[in-house]
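Q: Sharing a structure, written as structure tokens. Questions coming.
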């Protein structure tokens, strides 16, 4: 119950705007906790007959008596609307009471409404993995609403800056569903960015009148992109093992190091994706699963050698068969950790590091222009690729510092 809320109803006329017949339009003024809303009642009264103190007409004739009865009924109806709205979760405002009185109230959409709408609308648009990320964020939103706000759902009109800040604090204290540990700062920002996209969608649908994120800024922490040095890459290339699964994973990783192709895209590669390029040499023509961006990659000798090892097919043969055997990302990364131990690489080796290695050690470090690298990686923005250039600059700076020390 909102004990600190106040409510008042006042009927008034603007004497300065009397008509040629010395009549004035009667207005209702609603005051909810200091916030004023005025609207016309579409009724008129002669200026000299209006009693501002009683807020009624002083006329005794039937027409003025009927006007006063109308004002009594209007007062009772407005007050009843206020009482009924106080029993709902919707914040009571003068505009809301006015809309209910005039019959112009809009449907109140809730967080559940926009989450359900987004899930339905994005089926077939977003990648299933991306949809699963949204579902995880939505579970955290529901958990926050239930545990912290003690509600099952809230109206979009209730979203404000305070809600966002409280949700962020909740995420910083909660334990991750998968890893059973506190969520990292950048993952928290991802959840907030997804909430922001839901809110923006609601705003564009005109389900929301204002953007509660307008003053909020996500605070991501810049992290260095891990990659292999030339010496580390050669160590993995030269790694031999009688264990077939480790050999296969080594080959997958090296292929990605020389093409920049991500795990999901690599598992989808078929014979038809290997074609003769503009220079009459083998290229991979494919599309990034994540962004649907077309990618054309000239095959370096090492990458072509691995294709021939696993397929043995000629370039230009259009077949639906996969280029490489299938393997889950989870198993692949687990086996990579075994390879890292056996090759004494003390980095958190994951398959995505191969993509980073292609961007830095294989291409940028060998003078390939950053614009070309961006195209090869399938980045839609050059700024995304520039992250690798900054990492490379730091590495070069460190190498030169070591060289200076040796020369002293």
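The values are calculated or read from the model by the stated rules, or taken from the named source; none is laboratory data. The structure presented is a predicted model; accordingly, all values stated were derived computationally and were not measured. Cβ: placed from backbone, ideal geometry, glycine included. Neighbour counts: every protein chain shown.
Q: Do you know which residues across region 1-22 are in a strand (DSSP E or B), crowded, with 16+ Cβ neighbours inside 10 Å and free of Cβ contacts under 8 Å to residues at least 40 places away in the same chain?
A: 13
Q: Any chance you could count how many residues in region 140-157 are touching a residue at least 40 places away in the same chain (Cβ under 8 Å) and either assigned by TED's automatic domain parsing to the domain that holds residue 88 or in a helix (DSSP H, G or I) (or both)?
A: Total satisfying the criteria: 4.
Q: Then there is this: If residue 221 passes every condition in (1) in the same structural domain as residue 329 (by TED's automatic domain parsing); (2) exposed (fewer than 10 other Cβ atoms within 10 Å of the Cβ) but one, which one does it miss?
A: Going through the list (1) in the same structural domain as residue 329 (by TED's automatic domain parsing); (2) exposed (fewer than 10 other Cβ atoms within 10 Å of the Cβ), residue 221 breaks only (1).
Q: Still on this structure, please answer the following. What's the number of the condition residue 74 fails, among (1) crowded, with 16+ Cβ neighbours inside 10 Å; (2) assigned to a helix (DSSP H, G or I); (3) within 37 Å of the chain's Cα centre (by Cα)?
A: Every condition holds for residue 74 apart from (3).
Q: Scan region 77-90 and tell me whether some residue there is at negative phi, under 27 Å from the mean Cα position of the chain (by Cα), surrounded by 11 or more Cβ atoms within 10 Å (Cβ to Cβ) and in contact (Cβ under 8 Å) with a residue 40 or more places away in the chain.
A: Yes, because at least one residue in region 77-90 is at negative phi, under 27 Å from the mean Cα position of the chain (by Cα), surrounded by 11 or more Cβ atoms within 10 Å (Cβ to Cβ) and in contact (Cβ under 8 Å) with a residue 40 or more places away in the chain.
Q: Here is a list: 297, 261, 345. Which entry is within 28 Å of the chain's Cα centre (by Cα) and either closer than 28 Å to residue 386 by Cβ or touching a residue at least 60 places away in the same chain (Cβ under 8 Å) (or both)?
A: After ruling out the rest, the residue left standing is 261.
Q: I need a count of the residues in region 184-221 that are touching a helix residue (DSSP H, G or I) at 6+ places or on another chain (Cβ under 9 Å) and in a loop (DSSP other than H, G, I, E, B).
A: 15
Q: Which pairs have Cβ atoms under 7 Å, sit 6 or more apart or on different chains, and link a residue in region 219-234 that is under 13 Å from residue 344 (Cα atoms) to one that is in a loop (DSSP other than H, G, I, E, B)?
A: 232/345
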